[in-house]
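**Q** Here it is, the structure in full.
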Amino acid sequence: METDTFPRRGVQEWLDGLVCMKVNAGGENGHPLATKFKVDGFPTLVLLDPMGKVLHNMAGAPPGEHFVASFAVERYNKAVESYNLRDAKGAAPDLFFVRKWFPGTDLGKRAEEICGLLEKEEGFREAYAAAGKAHADALAEARKAKEEAERKEEERRAKVKALRTEADELYKKYLRTKAFDLYRRILAEYPDTPEAEWAESVLKKHKQKLRK
Amino acid sequence: MVRILAMGVLLAAAARADIRWEQDFERAKARALAEDKLIFIDFYADW
């Protein structure tokens with residue numbers, strides 16, 4: 001792959017337009033990701049759309065000259081099948097897919113040609129535009145969901161920080177029972193935060209003191 | 001002339017620049033979503 005496929009001009013040009021990752025499936029960081037994608041042979045090539053949906057997950061790399069096409073060929077063939085059945089509307093989503101994700105490649109160019117041939121067929125333009133809009137909508141929705149999740153996470157962080165400050169102050173004022181209740185709450189409601197780690201250490205110290 | 005030649009060499013080198021490999025999956029996902037790009041993952045084993 002490294003020496004015979006990636007450096008090929010067409011392959012590199014295509015990969016340049018993607019977000020690429022090389023993952024050592026046996027490594028500490030790579031193992032969870034390999035498990036997530038059920039990797040059990042090497043190399044395994046996974047292709048995801050911008051929303052994180054799996055488009056391809058295949059073990060074994062196709063030979064250099066077929067590398068890029070192997071990711072597009074299924075949708076391209078579907079488009080050709082629709083074209084042969086004179087189903088211009090049916091071909092539109094597949095043609096959009098191939099043109100959108102494989103521009104400048106062999107199949108991308110051929111998909112463009114087919115679009116040219118179908119341009120005047122009834123409903124083709126609308127169907128093609130609808131495929132584009134469906135993608136744009138899904139992208140916008142995923143971006144919004146991500147922003148929302150980030151906002152919520154920020155709120156959560158701020159809340160747990162405030163709770164810790166409150167607990168620490170109670171502790172300093174020797175209102176220990178109230179402070180320990182708050183630390184316990186932090187531990188229960190906000191695990192995997194630095195504040196929970198702190199709460200755990202304070203409670204542990206307190207237990208050790210009690211034992212003495 | 002030399003300068004033009006040198007620039008040509010530099011441009012050729014830039015065109016053949018290596019692919020930028022992302023290290024972190026969360027970052028890769030964020031970039032793909034922000035830039036409307038596909039994510040390509042090459043799983044390999046070094047054992």
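All of the numbers you see were taken from the coordinates with simple rules; none came from a lab. None of these values were measured; they are calculated from a predicted model. Virtual Cβ from ideal backbone geometry, glycine too; neighbours counted across all protein chains shown.
**Q** Take every residue in peptide A:48-58, count the Cβ atoms of other chains within 10 Å of its Cβ, and give the average of those counts.
**A** If you average over the peptide's residues, the count of other-chain Cβ atoms is 4.
**Q** Could you calculate the FRET efficiency of A:L203 with A:H31 from 1/(1 + (r/R0)^6), where r is the beta carbon distance between them and R0 is 25 Å, rounded to 0.05?
**A** Computed FRET efficiency for A:L203 and A:H31: 0.15.
**Q** For a quick size check, give me the Cα extents of the range A:1-124 along its three principal axes, largest first, whole Å.
**A** 55, 28, 20 Å, listed from the longest principal axis down.
**Q** How long is the range A:1-56 along each principal axis, judged by its Cα atoms, biggest number first, in Å?
**A** Largest first, the range A:1-56 extends 32, 28, 17 Å along its Cα principal axes.
**Q** Could you check how many percent of all C-alpha pairs in the range A:81-212 are farther apart than 25 Å?
**A** Of all Cα-Cα distances in the range A:81-212, 56 percent exceed 25 Å.
**Q** Any of A:K89/B:K37; A:K159/A:K204; A:K146/A:K173 with alpha carbons more than 30 Å apart? Name them for me.
**A** A:K146/A:K173
**Q** So, in nm, how far is label A:R184 from label A:L55 when the simple model puts each one 7 Å beyond its Cα toward the Cβ?
**A** 5.3
**Q** Let me ask something additional. Build a GNM of chain A with springs between Cα atoms under 10 Å: which of A:P103, A:P43, A:P194 gets the top mean-square fluctuation?
**A** Checking each option, the largest mean-square fluctuation is seen for A:P194.
**Q** Additional query: Given the options A:W101, A:W14, A:W198, state which has the largest fluctuation in a GNM of chain A using a 10 Å cut-off (strictly under) for Cα springs.
**A** Among A:W101, A:W14, A:W198, the largest GNM mean-square fluctuation belongs to A:W198.
**Q** Here is a follow-up. If you take every residue apart from A:K172 with its C-beta less than 13 Å away from the C-beta of A:K172, what net charge results, scoring Lys and Arg +1 and Asp and Glu -1? It would help to have the intermediate numbers written out before the result.
**A** Numbers: positive: A:R164, A:K173, A:R176, A:K178; negative: A:E166, A:D168, A:E169.
Neighbour charge sum, excluding A:K172 itself: +1.
**Q** Hey, what do the phi angles of the range A:152-167 turn into as Karplus ³J(HN,Hα) couplings, whole Hz, using 6.51/-1.76/1.60 and θ = phi - 60°, x for Gly and Pro?
**A** 4, 5, 4, 4, 4, 4, 5, 5, 5, 5, 5, 4, 5, 4, 4, 4
**Q** Calculated FRET efficiency, A:N84 and A:K109, Cβ-Cβ r, R0 22 Å, to nearest 0.05?
**A** Working: r = 19 Å, r/R0 = 0.87.
So, using R0 = 22 Å, E works out to roughly 0.70.
**Q** Per residue of A:35-44, count partner chain C-beta atoms within 10 Å of its C-beta, then hand back the mean as an integer. Show your work: numbers first, answer last.
**A** Details: counts 0, 1, 2, 0, 4, 1, 2, 6, 5, 5.
Shielding by partners across A:35-44 averages 3.
**Q** Let me check I have the definition right: for the protein assembly as shown, take the eigenvalues of the Cα gyration tensor, multiply each by 5, take square roots. What are those semi-axes in whole Å, largest first?
**A** 50, 25, 19
**Q** How many Cβ atoms of partner chains, on average, are near each residue of B:28-34 if near means within 10 Å of its Cβ?
**A** The per-residue average across the peptide is 6.
**Q** If I build a Gaussian network model for chain A, linking alpha-carbon pairs within less than 10 angstrom, which residue out of A:A188, A:A25, A:A69 has the largest mean-square fluctuation?
**A** Looking only at A:A188, A:A25, A:A69, the largest GNM fluctuation is found for A:A188.
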